[in-house]
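Note sheet for the following structure.
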Amino acid sequence: MDFFEVINKRHSVRKFTEQPVERELLDTLVSVAETAPSSKNCRSSAFMVIEDRDTIEAISLMRDRGSAFLKDAPAVIVVLGNETKTDLWVDNAAISATFLHLTATALGLGSCWVHVNGRLRVTAEPGSGLAEDYLRELLGVKDGMRILCVMAVGYEAGTRIGE
Ligand SMILES: Cc1cc2nc3c(=O)[nH]c(=O)nc-3n(C[C@H](O)[C@H](O)[C@H](O)COP(=O)(O)O)c2cc1C
């Protein structure tokens, strides 16, 4: 698929088949995302690939809106940034996530960005806490590492193999 075809085909996918994503493809997604540019080449972005069903279901509960569909995603890639390396960790992580999203399209996979940074667990209820804090505890994220978003990854439901 050439570059402009990838750009044209990219869209957010929220419904997936049960087909697992091949390990090799998950590795490719991460290694391409790692080539994204970063401020002063500080490479502050990091990735966690999650396929465990119970963990994915728990991730889907992080927010009252916009994350429930993650429950049926075959894989989830958490996009993190190291805030001790740069104040531009958000910018760097967003570029990394965009590389990941476009690469998924190029590989015939569907994906969808689900935002974490700054989002409340329950919309408009500050007392409900932050989705990021919930995920940090769930995933055992180290101090200094922040979570920008999670990317759902899988084969789009309704897409024929080879299409
Ligand atoms: C910064 C950002 C945050 C997003 N957060 C969510 C989200 O929390 N849940 C969700 O289902 N989609 C989320 N999306 C996907 C957008 O809804 C989607 O990109 C937009 O509606 C355009 O649709 P398209 O990607 O199919 O072109 C997000 C996208 C971006 C770039």
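For region 47-71, a residue qualifies if it is within 13 Å of the ligand (Cβ to nearest atom) and either surrounded by 21 or more Cβ atoms within 10 Å (Cβ to Cβ) or not acidic (D, E) (or both), and the qualifying residues are I59, S60, M62, R63, R65, G66, S67, A68, F69, L70, K71.
On inspection, G118 qualifies as within 16 Å of the ligand (Cβ to nearest atom) and either farther than 23 Å from F3 by Cβ or not in a loop (DSSP other than H, G, I, E, B) (or both). Taken over region 124-158, the criterion of being within 15 Å of the ligand (Cβ to nearest atom) and under 16 Å from S60 (Cβ atoms) is satisfied by A131, E132, Y134, L135, I147, C149, V150, M151, A152, V153, G154. Within the option set L25, L29, being open to solvent by 30 Å² or more (accessible area, probe 1.4 Å) and either in a helix (DSSP H, G or I) or more than 22 Å from R121 (Cα to Cα) (or both) holds for one residue only, L25. Residues of region 32-43 that are in a loop (DSSP other than H, G, I, E, B) and open to solvent by less than 90 Å² (accessible area, probe 1.4 Å): A36, P37, S38, C42. Selection of region 112-163 for residues being of a type outside the set (D, E), loosely packed, with under 14 Cβ neighbours inside 10 Å and at pLDDT below 95 yields A124, P126, G158, R160, I161, G162.
Within region 20-42, being in contact (Cβ under 8 Å) with a residue 12 or more places away in the chain, more than 15 Å from the chain's Cα centre (by Cα) and either within 16 Å of the ligand (Cβ to nearest atom) or more than 13 Å from V153 (Cα to Cα) (or both) holds for T35, P37, S38, S39, K40, C42.
For region 1-19, the candidate set comprises residues that are more than 16 Å from the ligand (Cβ to nearest atom) and touching a residue at least 60 places away in the same chain (Cβ under 8 Å); within that set, the residue that is least open to solvent (accessible area, probe 1.4 Å) is T17.
Answer yes if at least one residue in region 72-90 is within 15 Å of the ligand (Cβ to nearest atom), among the acidic types (D, E) and either in a helix (DSSP H, G or I) or under 13 Å from the mean Cα position of the chain (by Cα) (or both), and no otherwise. Yes, region 72-90 contains a residue that is within 15 Å of the ligand (Cβ to nearest atom), among the acidic types (D, E) and either in a helix (DSSP H, G or I) or under 13 Å from the mean Cα position of the chain (by Cα) (or both).
The values are calculated or read from the model by the stated rules, or taken from the named source; none is laboratory data. Since the structure is predicted, the reported quantities are computational estimates derived from the model, not experimental observations. We place every Cβ from the backbone using ideal geometry, glycine too, and count neighbours over all the protein chains shown. SASA here: full protein model, heavy atoms, side chains in, ligands and nucleic acids out. Shrake-Rupley method; radii C 1.70, N 1.55, O 1.52, S 1.80 Å.
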